[in-house]
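Reading through the structure tokens given below for one structure.
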């Protein structure tokens, strides 16, 4: 019989000796096996099997741990999605509550609008923050009339410059960005002394032309030289241009019943003392018209009158954030609505979900 050197085989079976027995240690089938040309004891074979078992067990443990981590990650993702969905619905509830409050305010007036259940005064459209609670969470919501902001398409450049200074920019940066904003709308394509025209934008790595027309949404400002997301949206500690500018006012005058302090200070000739007086008055009673303004501002009213108004076309921005109990971060929504108080209806002019938050 041919013998293969690397094969595992048993020694040839021997015949029993006299008396029908095998010599000691030579029983049939006993002996050492050959493996790869080497004689391997049987206890070594057991060690190889043990090593294989250990390796297989280790691989199975790794697979089990991997599956466990995957399942845990998926569970956490599901919980996070559930919480975010709940926060979104809470924020939506805040939007709807604000719309209801606007209808209530219009029907009853600021002075007479009181909730029968809690004897709480009606909400105001001056940016005041209100809280509401529902099962499992709460929402934080504010309303600001669009006429209480500066219309970026209508106000003089001085107003924009003053606002940029209010937001902490230096004189040079504020002047450059204010000029650039005005240049973006200019159909001629030419630049002001500190601004940016077509030549600047076409020299960029990804060139584009300035619009040469009015802004349609405030996010267009990000295309203007010098306007960064931080400047437009603000941060967790500061507010941004988007909180004080609008494209929905359709006029250069500012509604004194709604305008934030920062906006009122942008009006040339308005001193901090006059602004404090206006804000204190409207906390008690809504400013009704030119007569109330003249009584408030005295001789300063006449030069300021082109920039001040009490007219309200019924357009408001609502900022609402929904929070699930136990979570610090919320889900923000910003909506601009045009109210039709005659037909008790409204329509969205702008809706962003989630709204930008730094």
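Read-outs: derived from the displayed coordinates by stated rules, not from any lab. Fair warning: this is a prediction, and the values are worked out from it, not measured in the lab. Please note: Cβ atoms are built from the backbone with ideal geometry, for glycine as well, and neighbour counts cover all protein chains shown.
Using only alpha carbons, segment 244-345 has a radius of gyration to Kirkwood radius ratio (Rg to Rh) of 1.06. Counting neighbouring beta carbons within 10 Å and listing from fewest to most, the residues 101, 262, 157 come out as 157, 262, 101. Here the relative contact order of segment 208-301, from alpha carbon pairs under 8 Å that lie six or more residues apart, stands at 16 percent.
If you sort the three axes of the alpha carbon gyration tensor as a ≥ b ≥ c, you get a/c of 1.5 or more for segment 144-352 and a/b no higher than b/c, which makes it oblate. Take the Cα radius of gyration of segment 91-223 and divide it by 2.2 N^0.38 Å, N being the number of residues; the result is 1.48.
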